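Novice: Handing you a structure now.
Every read-out reported here was derived from the displayed coordinates using simple, explicitly stated rules and does not represent laboratory data. Keep in mind it's a predicted model, so treat the numbers as computed, not measured. In this analysis, Cβ positions are derived from the backbone assuming ideal geometry, glycine residues included, and neighbour counts consider all displayed protein chains.
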């Protein structure tokens, strides 16, 4: 067998340098295309320059371990000096471009090339693709600033606070009676539900009210089916002709709530999910079919303000976490003192306020291996209580016309779920 012209170790080095070169070429291609309308001498950097930046980082990265770190630092500082010189020259022009996107991309190219030179090919490739993606979305990202509101930025920051700054530092072990109070699990449940709320809000903002109350209810149910009920009832009261469409929205939100409960059980208590999903699915399908019927035979909604306010996830997290802790303790003592009857009473009362809190508390109490039928029945009772509460809100806020339609939806949904529950 003929010998290779290049030793195996040299081949790996050449491959890494070539990879760094390709990264620079890819980034330079995007930057060069973006600046293609400018004269050749007016461009800050093009394909060749970015390719050389990638090569510079790659050559620094393949040096021996003892000096590679210093070489990479020198390469970054050298590239930074070139960037500063080019930026200063651009400012001296008659119509200067004060943007720093290309300059930052140049420094990132050197770093990605260095990663490739050190053998981190996958990380370097992923970083290059993400960088090119961000660079190519200039118009879309700038357009986002025209439609996003400051309170939405605040809501996103608060969600990051409860997930990134709080969750990783909580102890992952049980405290209190029966060890039912696990700070990490409780806060993880808070983050999950808060994230669903924010995702639902973003989806509503993206689609708007023009896609109809049914889409509003289905997507808004991710955030809060109760909030959808209140908003739908308020809008329906302004125009009796909208009672049918917004009753459909409330039906869709109720179906989403049942599906959301099933997802929470699947994540936190698969054994409980296995025996609870049939009645949940039946109730959700019945509510959704009723919602489609109401929407199909009702007039189209003319309003376009069917968006929820941004979820205040920081206060929501504190309130929901406290409620979840109280319900966890309540389930423990209710079962210990009164057996299944106490569990059912707690489900009926707490479910009308927040079905997610009771569902997660029941799921954590039951565990992942074994699920008693009483726990499933308690969750069903909480879901039923929450569904009935929608009728109360519809009557008190939306009036009689909306209540009659929502009551019909509630009756169909509960009947379907109860029938499957009895059979199972």
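Novice: Using 7 Å Cα-to-Cβ label points, what is the residue 318/residue 146 separation (nm, one decimal)?
Specialist: With each label point 7 Å from Cα toward Cβ, the separation is 3.8 nm.
Novice: Right, next: Arrange 329, 422, 414, 242 by Cβ neighbour counts within 10 Å, fewest through most, would you?
Specialist: 422, 329, 414, 242
Novice: Can you put 344, 184 in order, fewest other beta carbons within 10 Å first?
Specialist: 184, 344
Novice: Taking other Cβ within 10 Å of each residue's Cβ, how do 381, 77 sort, fewest first?
Specialist: If I rank by nearby Cβ atoms, fewest first, I get 77, 381.
Novice: Using R₀ = 35 Å, calculate the FRET efficiency as 1/(1 + (r/R₀)^6) where r is the Cβ-Cβ separation of residue 336 and residue 267; round to 0.05.
Specialist: Step by step, r from the Cβ atoms, then E = 0.85.
Novice: Can you compute the FRET efficiency between residue 292 and residue 12 using 1/(1 + (r/R0)^6), with r the Cβ-Cβ distance and R0 = 51 Å? Round to the nearest 0.05.
Specialist: Step by step, r from the Cβ atoms, then E = 0.25.
Novice: What FRET efficiency comes out for the pair residue 130/residue 175, r = Cβ-Cβ distance, R0 = 30 Å, nearest 0.05?
Specialist: Step by step, r from the Cβ atoms, then E = 0.15.
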